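Note sheet for the following structure.
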Ligand code: FPP
């Protein structure tokens, strides 16, 4: 699709929040007879490229699925490598994030991550907290069903303490307990992209994607370049979002 370089995007119809399931690192590496971790390294490099591109296009929030609660099932070597990627990424890329006014947010069950990974994530959030541009939101040790259970537990605790009645639980009250509540008005993605030809959600943002437009591309994540991003946004802009209502 990289021949679609010329797609014209409508600046007034930019998706505010783009979420990406960055899939296909392993297959990208295999095609090149490289170890899987080489695919993850190339994937990490591509995070930089797409972060800058999305920021330049005026996207408000870019959410990237970097590690799921199910990814612990992978071989220990690969898990260790994936846990080290945020360290490599932030150590190298913080100056560019600062230069691009990008603010880092991280969501997931962070206390289960290695101490070094937690520290670098904490530092990146801290260092970029006053930036006012795009939010780069990493989902790290994130799983949507777990997130929904955690939210439910918090509400039940409030109810048990007599602070909440069943009828108080509205969609807004529930969404406030989800990890995306930190993203405010942009909590729900407008556009979800999944690379590598797989067409499933894999426990990603199940609540938040209720009305998102879904775009799937065969491209492996390390090859997903600026033109691929523009192409996905172009597809999004052709869609008629009705949110259950009628045509405008
Ligand atoms: C899926 O590809 C990808 C992952 C599980 C890891 C994604 C992580 C990155 C792209 C780097 C993240 C960067 C930072 C800064 C945290 P896969 O391994 O499932 O590929 P396959 O389906 O081809 O095997």
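Nothing in this text is a laboratory measurement; each read-out follows from the coordinates by a stated rule. Everything numeric in this text was worked out from a predicted model, so none of it was measured. Note that each Cβ is placed from the backbone with ideal geometry, even for glycine, and that neighbours are counted across all protein chains shown.
When residue 202 is tested against (1) within 16 Å of the ligand (Cβ to nearest atom); (2) surrounded by 21 or more Cβ atoms within 10 Å (Cβ to Cβ), just one condition goes unmet, and that condition is (2).
For the stretch 21-45, taking the residues that are over 30 Å from residue 132 (Cα atoms) and part of a loop (DSSP other than H, G, I, E, B), the one that is nearest to the ligand (Cβ to nearest atom) is identified as 24.
Among the residues that make up the stretch 163-177, is at least one of them surrounded by fewer than 15 Cβ atoms within 10 Å (Cβ to Cβ) and in contact (Cβ under 8 Å) with a residue 60 or more places away in the chain? No, the stretch 163-177 contains no residue that is surrounded by fewer than 15 Cβ atoms within 10 Å (Cβ to Cβ) and in contact (Cβ under 8 Å) with a residue 60 or more places away in the chain. Identify all residues within the stretch 150-184 that are in a helix (DSSP H, G or I) and at positive phi; write none if there are none. Matches in the stretch 150-184: 184 only.
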